[in-house]
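Here is the structure we will look at.
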Protein chains: 2
Amino acid sequence: MRRMTARPANAHQARLLRLLRDGGPNSRAQLGDQVDLSRSKLAVEVDRLLETGLVVADGLAASRGGRRSHNIRLAPGLRFLGVDIGATSIDVAVTNAELEILGHINQPMDVREGPVAVFEQVLSMAAKLKASGLAEGFDGAGIGVPGPVRFPEGVPVAPPIMPGWDGFPVREALSQELGCPVMVDNDVNLMAMGEQHAGVARSVGDFLCVKIGTGIGCGIVVGGEVYRGTTGSAGDIGHILAVPDGRPCACGNRGCLEAYFSGAALARDATEAAQQGLSAELASRLEAGGGLSAVDVAAAAAAGDATALDLIREGGNRTGQVIAGLVSFFNPGLVVIGGGVTGLGHTLLAAIRTQVYRQSLPLATGNLPIVLCELGPTAGVIGGARLISDHLFSPA
Amino acid sequence: MRRMTARPANAHQARLLRLLRDGGPNSRAQLGDQVDLSRSKLAVEVDRLLETGLVVADGLAASRGGRRSHNIRLAPGLRFLGVDIGATSIDVAVTNAELEILGHINQPMDVREGPVAVFEQVLSMAAKLKASGLAEGFDGAGIGVPGPVRFPEGVPVAPPIMPGWDGFPVREALSQELGCPVMVDNDVNLMAMGEQHAGVARSVGDFLCVKIGTGIGCGIVVGGEVYRGTTGSAGDIGHILAVPDGRPCACGNRGCLEAYFSGAALARDATEAAQQGLSAELASRLEAGGGLSAVDVAAAAAAGDATALDLIREGGNRTGQVIAGLVSFFNPGLVVIGGGVTGLGHTLLAAIRTQVYRQSLPLATGNLPIVLCELGPTAGVIGGARLISDHLFSPA
DNA sequence: GAGACTTTCTCCACTGGGAGGACAAAGAGG
DNA sequence: CCTCTTTGTCCTCCCAGTGGAGAAAGTCTC
């Protein structure tokens, strides 16, 4: 199959493509209800889109009391690739043009092995998805990496946990390999876009999406658009001061949030607690697995282990304190908590909520939902697909 | 003179009006260089603007090597009113359509006396400006109040330091009294707009504007637009936690930034220090004035008083810590420090800079200027004029 | 000071896109 | 089978915008 070559010629076409992406197949008449164009104009634009092959006719719609209308849908052969490179694993998924996941693979991989090794892995995962018959090729790909990105160029800049990636032309390299347009963004921003598209943030204009994984980051959405900051490092809240003169952090400072709570910090604290004999549950898990991770803590907490619960609660308190500050500053309409430690679930959420509701002013918290991420590991890949589709579905 | 009744009929006209506002008188040809319209189209739109009376011909421009062109400028009779209601004083200014200040009055007034008394004062100040011949009437007014505002309606919501103002229809009431369109916003946002229009932030898209006055607030500008948050309380950073389990704050919590540094806190700390005999300088000022304010501290510091300098430094450190967090989160291109305590000047600035540059990550601070406000007390009123002119110079 | 060259401004004919009505097609319902 | 509704197509009219031609008003060189 020929890959997507055409692009919408004007803002109207772009608008229509996005409506079809977000609302699925639609009749001309239904589209007309949403876009405020004259029938003739709409017909012309739809015809042009049909010509380009971006959309196709798709049978007849149900009658609304008169003549049945012909449905229009995005070309069913379009395929987007969503790639979410985490610190310790990689998610790759194929979606159709409506951003529905057709296939999803996850594989462990340490991002510190460097861009070349990681890309090899990503490409082999993409090939696997292709081989399973889900796609004959990709029309675009959206990639998330766990660090700041100079967005227009798609290049990581000074990523603390990704040595060897600084300045690597991710966008260009991957675009070459995959033979399709590629956009690169921070993994947290992708998660935010995913939740915005298909998750809890669907109808919210301004929200924060806090991702607690190996590190801690925060996606910022302003007026429906991801805000990336002047140098692309907006949302990097892991190194906000949580405890004055506190623990040393890998970044060289003391008392950073990440030094107290993150996948890494939690694993370390749990190991320590186990070794000190504070928790039989954790100790047995340490012995069994040879090490502890956030997942073990979550399991121990689920089993009712007091030490694990304390660890989670304390971390949640610190995180909540920082989030409370952000809520005062940013006054979002929603806060989403996600990332690898969502397994910690409601214990964590309760601790965060307590802090935020206690510390921020009533005007900011009065109607502020703080909720867990809805999509889990698929948020990132859906966000990736969304990122590239937003790019492709805009006027050339 | 007839007041401004017409409004730009389309986006092109609005664009032209803003260009004339920001760039002053311009020839048709110069305008043409900036707007990317065909000559004829431009001529048509300009003619229409001339018809409405919003712009007028203004003599001949200098030759650029050929026929001299006729200059166009905004109607010289247009007058905007900028009002900045602070916690303890009111600033009112008239500007022309280019937002140049023609007259500016400041008067002390406690905002807690309530909206009715304050409005009386504002109206009498406006009348005074009119009487001095600077304006025959006002075409629009922009008002800043020291608390959160529901922006679309122009109504203060739950303002902590303005009892009696909650829900008062500021916009409507003032519009009625002045007989012109009115827009209401938070005073900090106005300051940010002022600095953006005529101050240090002229060419920066994303920046923060921290105002340290009686309280502490922060204007947030994203992509050239003020960001107000979901309920209009964005930037309310005075009650961010600065010291865990610290001093009690008026808001009911402990350790808020405002409890440690603001005009009020500074005055209190200075008085305490004077009474404890820590500083002869401050003590003599306390005796002379019957009380101490931030201004006294500034004067004492300027005179080299060690205690005053310490107070400023410590406050700057706390403020800097909070700002450091915001910088990590928001990754602005500029941070402006302003407000009543700017008199504290470079001691304060140095302390803030030290904290931010030390605590935030290099990527965010690498090219981040942290500067003092350039416009001082005029920032607010210019921002007010800018607010209403932005409103009036947009398509109806 | 005359002529050549530039720039600005106005006028005008042409073009192309869009609006909206008329009409045909297709179905629902009685 | 007839009427009413909805959808889709076609066609004409209108108008805004483009861009060229040329006049007006300068500057600059010789």
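What are the label-to-label distances in nm, one decimal and shortest first, from B:Gly304 to the same spot in the other copies, with labels 7 Å along Cα to Cβ?
7.2
Suppose you put the label 7 Å out from Cα in the Cβ direction; list, shortest first and in nm with one decimal, how far B:Ala131 is from each other copy's label.
Label-point distances to the other copies, shortest first: 8.9 nm.
Considering only DSSP beta bridges where both residues belong to the protein assembly as shown, give the percentage that are antiparallel (nearest 5).
Numbers: 64 of 98 bridges.
The antiparallel proportion sits near 65 percent.
Could you tell me the convex hull volume per residue, in Å³, taken over the Cα atoms of region A:161-252? Provide the component values of the computation, followed by the final result.
Details: hull volume 13.3 nm³, N = 92.
With only Cα atoms used, region A:161-252 gives 145 Å³ per residue.
Out of residues 5 or more away from A:Ile216 or on other chains, whose amide H comes under 5 Å of its own, with H placed 1.01 Å from N in the peptide plane?
Amide H neighbours of A:Ile216: A:Gly238.
Add +1 for every Lys or Arg and -1 for every Asp or Glu among the other residues with Cβ under 14 Å from the Cβ of B:Leu31, and state the total.
Numbers: positive: B:Arg15, B:Arg18, B:Arg21, B:Arg28, B:Arg39, B:Lys41, B:Arg48, B:Arg64, B:Arg73; negative: B:Asp22, B:Asp33, B:Asp36, B:Glu45, B:Asp47, B:Asp58.
Value of the local net charge: +3.
Over all residues in A:353-363, what is the mean tally of Cβ atoms on other chains that come within 10 Å of each residue's Cβ? Intermediate values should be presented prior to the final figure.
On the way: counts 0, 0, 1, 0, 0, 2, 8, 6, 12, 6, 12.
Taking the mean over all residues of the peptide, I get 4.
Could you give the Stokes-Einstein D for region B:11-74 in µm² per second, using the C-alpha Kirkwood radius, 25 °C, 0.890 mPa s?
211 µm²/s
Among B:Cys251, A:Cys249, which comes first, second and so on when ranked by fewest other beta-carbon atoms within 10 Å?
Starting with the residue having the fewest Cβ neighbours, the order is B:Cys251, A:Cys249.
Relative contact order, percent, of chain A when contacts are C-alpha pairs under 8 Å separated by at least 6 residues? Could you put the intermediate results ahead of the total?
On the way: 825 pairs, mean separation 70.3, N = 396.
Over chain A, the number comes to 18 percent.
I need the inter-copy label distances for B:Gly366: point set 7 Å along Cα to C-beta, values in nm with one decimal, smallest first.
Ordered by increasing distance: 4.2 nm.
Name the trypsin sites (Lys or Arg not before Pro) in region A:1-50 that are in a loop by DSSP and that have at most 10 other C-beta atoms within 10 Å, would you?
A:Arg2
On C-alpha positions alone, give me the angle between the axis of helix A:39-52 and the longest principal axis of chain A, in degrees, nearest 10.
Around 70 degrees separate the two axes.
Quick one: net charge around B:Gly219, please, counting Lys, Arg +1 and Asp, Glu -1 for every other residue with C-beta under 10 Å from its C-beta. Write out the running numbers ahead of the final one.
Values: positive: B:Lys211, B:Arg228; negative: B:Asp185, B:Asp187, B:Glu195.
Here the charged neighbours net out to -1.
List the lysines whose alpha-carbon lies under 29 Å from that of A:Lys211, not counting same-chain residues fewer than 8 positions away?
A:Lys128
Could you pull the Rg and Dmax for the protein assembly as shown, using just the Cα atoms, both in Å?
That works out to 29.1, 92 Å for Rg and Dmax.
Just the Cα atoms of chain B: what Rg and Dmax do they give in Å?
Radius of gyration, then largest Cα-Cα span, for chain B: 22.7, 76 Å.
Take the Cα pairs of region B:38-86, get the Kirkwood Rh, then feed it into Stokes-Einstein at 4 °C and 1.567 mPa s and tell me D in µm²/s.
Estimated diffusion coefficient is 100 µm²/s.
How many angstrom lie between the C-alpha centres of region B:103-130 and region B:1-71?
Distance between centres, Cα-based: 36 Å.
For A:238-244, what's the mean count of beta carbons from other chains sitting within 10 Å of each residue's beta carbon?
So the per-residue partner count for this stretch is 5.
In terms of the Cα gyration tensor, with a ≥ b ≥ c the square roots of its eigenvalues, is region A:78-209 rounded because a/c is under 1.5, prolate because a/b exceeds b/c, or oblate?
oblate
Taking the 0 to 90 degree range and rounding to the nearest ten, how far is the long axis of helix B:378-392 tilted relative to the main principal axis of chain B, both from C-alpha atoms?
40 degrees
For A:319-330, what's the mean count of beta carbons from other chains sitting within 10 Å of each residue's beta carbon?
Partner-chain Cβ atoms within 10 Å, mean over residues of A:319-330: 6.
Give me the aspartates and glutamates in straight-line cross-link reach of B:Lys41: C-alpha distance below 15 Å, same-chain residues under 8 apart excluded.
Within reach: B:Asp33.
Would you mind putting A:143-154, B:70-81 in packing order, based on average other-beta-carbon counts within 10 Å, highest first?
Values: A:143-154: 22.7, B:70-81: 21.1.
Ranking, from highest mean packing down: A:143-154, B:70-81.
Let me know the volume per residue of the alpha-carbon convex hull for region A:1-114, in Å³.
Taking only Cα atoms, region A:1-114 has a hull volume of 142 Å³ per residue.
Could you work out how far helix A:115-131 tilts from the main Cα principal axis of chain A, as a 0 to 90 degree angle to the nearest 10?
Once rounded, one gets 50 degrees.
Let me make sure I get this right: for region B:202-372, a, b and c are the square roots of the gyration tensor eigenvalues over alpha carbons, sorted descending. Under 1.5 in a/c it's rounded, otherwise prolate if a/b > b/c, else oblate. Which is it?
prolate
For the protein assembly as shown, what does -39500 (n - 2.57) per DSSP helix run (n ≥ 4), summed and divided by total residues, give at 222 nm, in deg cm²/dmol to the nearest 500?
Mean residue ellipticity, 222 nm, calculated: -13000 deg cm²/dmol.
No value in this document is a laboratory result; all are computed from the given coordinates. Because the structure is predicted, anything quoted here is derived from the model rather than measured. Heads up, the Cβs are rebuilt from the backbone with ideal geometry, glycines too, and the neighbour counts pull from every protein chain shown.
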